[in-house]
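Engineer: Below are the structure tokens for one structure; questions will follow.
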Amino acid sequence: MPGRIVIALGGNALGNTPEEQKQKIENAAPALVGLISQGYEIIVSHGNGPQVGMINLAFAESSKFNEKIPPIDLPECTAMSQGYIGYHLQNGIKRELRREGMPWNVASMITQVIVDENDPAFNNPTKPIGAYYTEEEARALMAENPSQTYREDAGRGWRRMVASPAPCGIVERDSILNLLDNEFIVIACGGGGIPVIRRGDGDYEGVAAVIDKDFASAYLAEACDADYLFILTAVSKVAINWGESTETFLDKMSVAEAEKYCEEGHFAPGSMLPKVRAAIHFAKSKIGRRAIIADLNDAPLAIRGLAGTEIYAK
């Protein structure tokens, strides 16, 4: 019987400009709607790596030349990226629904994801964001803003580093579930969500951090009691011994096998490793849950076991 799916789209898969993004979403919409036509409820999450960087950089550079334009910090930049990516996803998916004569609606949720202010990640910020600076410029920025950290990044210059804490709550969870119950496709947790911490008065405060979008999607899937987590990327299946003569593409991995491959170093830390680890986390969270890593265009086939790599708990 069909159930509920969280679909995680990579930020790089959405293009580097608004026009490119609209075209990629137009191409992707049939695959997403193909899952709905099979009877599944759909929540779409997405990355925002290129997009949030552009927004942050635009404000940082503009503020140097125009005092009326303030620099905008990461929580607000993430909210802006959720808005404009969601806007394009809404329109692209809705057009495809109309073509197929389907009555579903689409809505984007500006989503705040709760993190623990005592998360050890805050003691070791590792995610680079924004513009490149000389060492002299970076040290001057740190002197001006002691709470910010800048480090040399791969020989290309110094960049601001922010923490990547683990998700531990979704502020808008009940709103997401309410929309699902009323035949909405929901777009949520864009860019891993806007990281916020709880305050004693019940309010939330945004923090300059980046939540890994694959881990946020796994948390979203668990919190919304999804049956499947789809992590859609640019590769058809997960491979071990990538790029070697013994390269092997996998149809299925048990959680134990996936954990073993992670320990053996088969997956690159900046690309496939977080996807596999997020899939493991979701598959282990409840008996019967499945995570699937697949090419975006193969999504309708993957749900039937005809494409992608499935991660499951025995």
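Engineer: Specify which residue in the list ALA256, GLY288, SER37 is farthest towards the positive end of the charge dipole of the chain, using unit charges on the beta carbon of Lys, Arg (+1) and Asp, Glu (-1), about the Cα centre.
Structural biologist: Most positive-ward Cα: SER37.
Engineer: Assuming a viscosity of 0.890 mPa s and a temperature of 25 °C, what translational diffusion coefficient in µm² per second does Stokes-Einstein assign to the chain, Rh being the Kirkwood radius over Cα pairs?
Structural biologist: 121 µm²/s
Engineer: Right, here's the next one. Count charges around ALA291 for me, please; just the other residues with Cβ under 12 Å from its Cβ, Lys/Arg as +1, Asp/Glu as -1.
Structural biologist: That works out to +3.
Engineer: Which log10 I(q)/I(0) values does segment 114-261 give at q = 0.09, 0.12, 0.14, 0.18 Å⁻¹ under the Debye formula, counting every alpha carbon as one identical point scatterer?
Structural biologist: Taking Cα atoms of segment 114-261 as identical point scatterers yields -0.44, -0.74, -0.93, -1.14.
Engineer: With only Lys, Arg, Asp and Glu charged, each at its Cβ (+1 for the first two, -1 for the last two), find how big the charge dipole of the chain is about the Cα centre; round to the nearest 20 debye.
Structural biologist: 580 debye
Engineer: Along the positive direction of the dipole of segment 4-312 (beta-carbon charges: Lys, Arg +1; Asp, Glu -1; about the Cα centre), which of ILE311, ILE25, ALA216 reaches farthest?
Structural biologist: The residue sitting most towards the positive pole is ILE25.
Engineer: With both partners inside the chain, how many of the DSSP beta bridges are antiparallel, as a percent to the nearest 5?
Structural biologist: 40 percent
Engineer: Specify the angular offset, from 0 to 90 degrees and rounded to the nearest 10, of the alpha carbon long axis of helix 74-99 from the longest principal axis of the alpha carbons in the chain.
Structural biologist: Roughly 30 degrees, rounded to the nearest 10.
Engineer: Tell me, what is the percent relative contact order of the chain, built from C-alpha pairs under 8 Å that lie six or more residues apart?
Structural biologist: About 20 percent, as a whole number.
Engineer: Using every pair of alpha-carbon atoms in segment 87-184, split the distances into 5 Å bins beginning at 0 and state the percent of pairs per bin, rounded to integers.
Structural biologist: 2, 11, 13, 13, 11, 10, 11, 10, 9, 6, 3, 1
Engineer: Moving on to the next point. Once Lys and Arg get +1 and Asp and Glu get -1 on their Cβ, which of GLY47, VAL238, GLY206 lies farthest toward the positive end of the dipole of segment 4-312?
Structural biologist: Comparing the listed Cα positions along the dipole, VAL238 ranks first.
Engineer: Read phi for every residue in segment 188-202 and hand back ³J(HN,Hα) as whole Hz from Karplus 6.51 cos²θ - 1.76 cosθ + 1.60, θ = phi - 60°, with x for Gly and Pro.
Structural biologist: Once rounded to whole Hz, the list reads 8, 6, x, x, x, x, 7, x, 9, 10, 6, 10, x, 8, x.
Engineer: Still on this structure, I have one more. Restricting to DSSP H runs of at least four residues, report the calculated mean residue ellipticity at 222 nm for the chain, -39500 (n - 2.57) per run over all residues, nearest 500 deg cm²/dmol.
Structural biologist: -12000 deg cm²/dmol
Engineer: If the limit is 27 Å between Cα atoms, which of LYS237/LYS286; LYS22/LYS252; LYS213/LYS286; LYS94/LYS252; LYS22/LYS284 go over it?
Structural biologist: Beyond 27 Å between Cα atoms: LYS22/LYS252; LYS94/LYS252; LYS22/LYS284.
Engineer: Right, next: What aspartates and glutamates does LYS314 reach when the alpha-carbon gap must be under 14 Å and sequence neighbours fewer than 8 apart in one chain are set aside?
Structural biologist: Straight-distance partners of LYS314: GLU257, GLU259.
Engineer: Now for a separate question. With a cut-off of 8 Å between alpha carbons and a minimum separation of six or more residues, what is the relative contact order of segment 147-301 in percent?
Structural biologist: After rounding, I find 21 percent.
Engineer: Longest segment of the chain with no GluC sites (Glu not before Pro) in a DSSP loop having at most 15 other Cβ atoms within 10 Å?
Structural biologist: Excluding the exposed sites themselves, the longest stretch runs over 1-66.
Every number in this text was worked out from the coordinates using simple rules, so none of it is lab data. Small disclaimer: the values here were computed from a predicted structure and weren't measured. When we count neighbours, we look across all protein chains shown, and the Cβ atoms used for this are built from the backbone with ideal geometry, even at glycine.
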